[in-house]
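The structure appears right after this line, and notes come after that.
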Amino acid sequence: MKKTVSILPALVAIAALAGCSGYRPAPAAFHEALYQPYVLDAGDNLRITVFDQENLTNTYSVDQSGYVAFPLIGSVPARGKTTKEVEQGIAARLRQGYLRDPDVSVEVERYRPVFIMGEVGAPGQYSYVPGMTVQKAVAAAGGYSPRASQESADITRTINGKVMTGRVVTSDPLLPGDTVYVRERLF
């Protein structure tokens, strides 16, 4: 009589482990968002320059409702807009009885922060700098804890008003406002 070895228990164990990992690859929109013009949101600080108007040139914050409070013209919508669109909006409103031909420049002085959670030395809120990757953000947060999974991390990002979460490798770039979650490794 020939003895047969069943591989069914091994397949069930592999399937169970794969199901427990909760793997969610990053949606295509994650990487597409990296190549789109930067859109403003609450927490961004803008350097707005109105040439030949020192009293209007200053640093302004995008408030929680997505507006910039600007002298003379009041609240200017900024959420979901590029710096160029905010420039055009301010210039158009200043032309309505305040300045003849305003020359306005808007640039991001300080981006909204990124948030780092999970298996890192010091989870919390950190300043975003252009070119920041998951690995650089983890370094800013005190590095990996001894139990951290160092190959990938989960990122939660808002794209076109929709919140998405996906798993990326640590060399992937971050965007302002991203939340990074470093998972605990299984073994």
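The values are calculated or read from the model by the stated rules, or taken from the named source; none is laboratory data. In this text the structure is predicted, and so the values were computed from the model without any measurement. Virtual Cβ from ideal backbone geometry, glycine too; neighbours counted across all protein chains shown.
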Worksheet item: In segment 42-70, what count of residues is obtained for those that are part of a loop (DSSP other than H, G, I, E, B) and closer than 28 Å to Ile159 by Cβ?
Response: 8
Worksheet item: Just to be sure, is Gly124 surrounded by 16 or more Cβ atoms within 10 Å (Cβ to Cβ) and under 20 Å from Thr158 (Cα atoms)?
Response: no
Fill in: Selected residue [outside any strand (DSSP E or B), at pLDDT 95 or above and among the aliphatic types (A, V, I, L, M)] from Val86, Val76, Val39
Val86
Discussion item. Residues that are of a type in the set (Val, Ile, Thr) and either modelled with pLDDT of 95 or more or within 17 Å of the chain's Cα centre (by Cα) (or both), at least 2 per element: which strands (runs of 3 or more DSSP E) completely within segment 113-185 meet that?
Written reply: 114-118, 152-159, 162-169, 179-182
Response to the item:
Restricting attention to segment 45-103, the residues that are exposed (fewer than 14 other Cβ atoms within 10 Å of the Cβ), touching a residue at least 24 places away in the same chain (Cβ under 8 Å) and over 20 Å from the mean Cα position of the chain (by Cα) number exactly 4
